[in-house]
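Read the structure below first, then the notes.
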Amino acid sequence: MPRKRLQEALDALHQQLESTEELGAEDREALVEAIKDIQKALSVSRTAPPSSEGALSRRVYSLIEDLESSHPKVADLLRNVSESLANLGI
């Protein structure tokens, strides 16, 4: 169930990225890269424990801090992703 919640949160974040035009190119690129890395970590963690435990969660948390005041909806979606990562031990 936690994987399903994480995938739902990632899908919602991706949809928000597509509909948010005022997001800067640098922030957008950082979010897209984070989503790719999360999906990669999910595929790896099915067979092996994460090698850089916590690094991805710290990166997502940093993005939350960066976007909290300018894009609160995106920050909320990232919080959901962060919680799901923590629940999965990633």
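Taken together, the values in this text are just the output of simple stated rules run on the coordinates, not laboratory data. Worth saying up front: this structure is predicted, and the values here are computed from it rather than measured. As a convention, Cβ positions derive from the backbone with ideal geometry for all residues, glycine included, and neighbour counts pool all protein chains shown.
Summary of computed values
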{"item": "Enumeration of residues in region 11-21 that are over 14 Å from LEU63 (Cα atoms), in contact (Cβ under 8 Å) with a residue 12 or more places away in the chain and not polar (S, T, N, Q)", "result": "ALA12, HIS14"}
{"item": "Selection within region 1-23 - surrounded by 13 or more Cβ atoms within 10 Å (Cβ to Cβ), of a type in the set (S, T, N, Q) and more than 19 Å from ILE90 (Cα to Cα)", "result": "GLN16, THR20"}
{"item": "When residues of region 54-90 are limited to those that are farther than 19 Å from ALA25 by Cα and of a type in the set (Val, Ile, Thr), the one surrounded by the most Cβ atoms within 10 Å (Cβ to Cβ)", "result": "VAL81"}
